[in-house]
Amino acid sequence: MAARNHALSANATIALAAVPDRMSHIIRVVGLDQVFSTHLTAEDAEAAWRPTPG
């Protein structure tokens with residue numbers, strides 16, 4: 001969460017890639033899937049990235 005907050009203060013985002021199944025489950029259980037986008041691979045995360053305008 002600290003890294004996310006730091007990214008937000010810099011008008012950036014964080015995406016998670018290649019998250020192991022067990023960790024992915026924990027992320028969903030605690031609700032962090034609402035905070036972080038997750039992708040199967042780094043390439044998928046890069047393809048999903050959209051720069052913020054301005």
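The values are calculated or read from the model by the stated rules, or taken from the named source; none is laboratory data. What you see is a predicted model; the values in this text were computed from it and never measured. Cβ: placed from backbone, ideal geometry, glycine included. Neighbour counts: every protein chain shown. These accessible areas exclude ligands, DNA and RNA; they are computed on the full protein's heavy atoms, side chains included. Shrake-Rupley method; radii C 1.70, N 1.55, O 1.52, S 1.80 Å.
Figures for the structure shown
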{"quantity": "Distribution of pairwise C-alpha distances over the chain, 5 Å bins, in %", "calculated": "4, 18, 24, 26, 19, 6, 1, 0"}
{"quantity": "Cβ-derived FRET efficiency at R0 30 Å, residue 7 paired with residue 47, nearest 0.05", "calculated": "0.95"}
{"quantity": "Sequence-separation-based contact order of the chain, relative, with Cα cut under 8 Å and 6+ spacing, percent", "calculated": "37"}
{"quantity": "In sequence order, calculated HN-Hα J values of segment 23-39 (Karplus, 6.51, -1.76, 1.60; Hz; x Gly/Pro)", "calculated": "5, 4, 4, 4, 4, 5, 4, 8, x, 6, 5, 7, 9, 10, 7, 10, 9"}
{"quantity": "Around residue 30: net Lys/Arg minus Asp/Glu count, Cβ-Cβ under 14 Å", "calculated": "+2"}
{"quantity": "MRE, 222 nm, helices only [DSSP H, n ≥ 4, -39500 (n - 2.57), over the chain, to nearest 500]", "calculated": "-12000 deg cm²/dmol"}
{"quantity": "Portion, in percent, of the accessible area of the chain that falls on carbon or sulfur, probe 1.4 Å", "calculated": "58"}
